[in-house]
Amino acid sequence: MRKYLNINLNDRSITSEEWEGEQLVKAGRYLIAKMLVEMNAAEVDPLGPDNPLIFSAGP
């Protein structure tokens, strides 16, 4: 089981999810790419406050 945190620096809120099984198989680069697509990161100002910053550790 792995825990993923989403920290919003604008309103200082933290949400967490615990993943296991099939979700862990799709973790890693796939997860990061999926998150960026869902956040519409390509349409956000690169230096703006809405730009997502993702930290991800390897296995």
### Task
Sort the following peptides by mean Cβ neighbour count (other Cβ atoms within 10 Å, averaged over residues), highest first: 30-36, 42-48.
30-36, 42-48
### Task
Place +1 on the Cβ of every Lys and Arg and -1 on the Cβ of every Asp and Glu in the chain, take the dipole about the Cα centre, and give the residue among ASN8, ASN40, GLY21 whose Cα lies farthest towards its positive end.
GLY21
### Message
For Cα pairs less than 8 Å apart in space and 6+ apart in sequence, what is the mean separation divided by the residue count of the chain, i.e. the relative contact order in percent?
### Response
23
## Note on the structure
Expressed in nanometres to one decimal, the distance between label points 7 Å along Cα→Cβ at VAL37 and ARG2 is 1.8
### Task
Please give the calculated 222 nm ellipticity per residue for the chain, where each DSSP H segment of at least 4 residues contributes -39500 (n - 2.57) and the sum is spread over every residue; nearest 500 deg cm²/dmol?
-6000 deg cm²/dmol
### Task
Taking the Cα centre of the stretch 2-43 as origin, sum charge times position over the Cβ atoms of Lys and Arg (+1) and Asp and Glu (-1), and report the length of that vector in debye to the nearest 20.
180
## Note on the structure
With 0.36 nm assigned to each residue of separation and the Cα-Cα distance removed, LEU9 to ARG29 gains 4.9 nm
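Every number in this text was worked out from the coordinates using simple rules, so none of it is lab data. Nothing here was measured: the structure is a model prediction, and the numbers come from that model. Methodologically, a virtual Cβ is constructed for each residue, glycine included, from the backbone with ideal geometry; neighbour enumeration extends over all protein chains shown.
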